[in-house]
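Below is one structure, written out as structure tokens, with a few remarks after it.
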Amino acid sequence: MERLPHLLDSILAQTNNDWTIFVHDDGSTDGTLHFLKTFSAEHPERMVVLGEDVKHLGAKMNFCWLLSNVEADYYMFCDQDDEWLPNKVEDTLALVRKAEAENPTLPVCVHTDLAVCDANYNVVHPSLWKLSKVNPSWQEDPSMLLVANCVTGCTMMFNEKVKALSVNIPDVVPMHDFWVAYQTASNGGILTHLPKATILYCQHGGNEVGANNVGLGYVSGKLLGLKNVWKANCQQYNMAHSLAKMSVFRYVWLKFVFEVKRMF
């Protein structure tokens, strides 16, 4: 709750002002809903609070519920504890429209890099992609998305054609951002990236998903936690097999390729 005003201030400061925030409180008990309703009353043209009687969906289904209950030309996901850089909407929208102009009939989804910051919004690394040693172009292959998704939901912007593909999310899929990216790429759409940070990605104890620094510490941590690594990969393989009938051999090979690329 304490980070929400900071986030909203950063959205209000966007260079592009043609947007509306649609928000759903999933059952918080810390005064968040009261704050949101107050903010909405003060900025009725900026925020709409939806579904006060819908509770406890969880992160994945909360985003998907919002997506299915909002109509717009373009959509962006928003996490409550980050800071949007001033040109986030303007720069991402420009790339989405460029891709649409070149491919007017296709689903289009753009994602961006993130600057990693500490709990006080001090930048500790200017690029999550470099910190995690991933190349965003790898994600243009839906098979690679199935073994390792690096498309971050809070940086996305996508058009109505992507939304139509993404509102119904299977139980086997762990998070909404992967589903949107995968549905775009696997249906012949344009999944592309903006090679700059548009957000300060706040790292603290309450993060749903955090940043990984890939190095010896990362590798040793994986080795020491082999049981958890095995469990996570079993879940991911089950998803890959369910969505694309991917074989165990192909999954292991693609996972190996991905990790080798990260290390070297």
Qualifying residue in the range 201-224 (condition: crowded, with 19+ Cβ neighbours inside 10 Å, closer than 30 Å to T15 by Cβ and modelled with pLDDT of 95 or more): yes
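Residue-by-condition table, conditions (1) crowded, with 18+ Cβ neighbours inside 10 Å; (2) modelled with pLDDT of 95 or more; (3) closer than 22 Å to F158 by Cβ:
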{"site": "E42", "(1), (2), (3)": "no, yes, no"}
{"site": "V49", "(1), (2), (3)": "no, yes, no"}
{"site": "G58", "(1), (2), (3)": "no, no, yes"}
{"site": "L67", "(1), (2), (3)": "yes, yes, yes"}
{"site": "A72", "(1), (2), (3)": "no, yes, yes"}
{"site": "D91", "(1), (2), (3)": "yes, yes, yes"}
Any hit, the range 9-22, residues being farther than 26 Å from E160 by Cβ, touching a residue at least 40 places away in the same chain (Cβ under 8 Å), of a type in the set (A, V, I, L, M) and surrounded by fewer than 16 Cβ atoms within 10 Å (Cβ to Cβ): yes
Residue list for the range 137-153, filter: in contact (Cβ under 8 Å) with a residue 24 or more places away in the chain and open to solvent by 20 Å² or more (accessible area, probe 1.4 Å): S137, W138, E140, D141, P142, S143, N149, T152
Test: residue in the range 154-162 that is surrounded by fewer than 20 Cβ atoms within 10 Å (Cβ to Cβ), at negative phi and in contact with an Asp or Glu (Cβ under 8 Å, 6 or more places away or on another chain): yes
Residue match in the range 111-127 (condition: open to solvent by 40 Å² or more (accessible area, probe 1.4 Å) and on the phi > 0 side of the Ramachandran plot): yes
Top-ranked residue of the range 61-98 - restricted to ones that are outside any loop (DSSP other than H, G, I, E, B) and among the charged types (D, E, K, R), ranked as farthest from V110 (Cα to Cα): E83
Conditions (1) in a helix (DSSP H, G or I); (2) buried (at least 18 other Cβ atoms within 10 Å of the Cβ); (3) of a type outside the set (S, T, N, Q); (4) modelled with pLDDT under 95: number failed by K227: (2)
Some residue of the range 174-196 being free of Cβ contacts under 8 Å to residues at least 12 places away in the same chain, over 27 Å from N87 (Cα atoms), surrounded by fewer than 22 Cβ atoms within 10 Å (Cβ to Cβ) and not aromatic (F, W, Y): no
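The values are calculated or read from the model by the stated rules, or taken from the named source; none is laboratory data. Values in this document were obtained by computation on a predicted structure and should not be read as measured data. Neighbour counts run over all protein chains shown; Cβ positions are idealised from the backbone, glycine included. Each accessible area value is taken on the protein alone, full model and side chains, heavy atoms only, with ligands, DNA and RNA left out. Shrake-Rupley method; radii C 1.70, N 1.55, O 1.52, S 1.80 Å.
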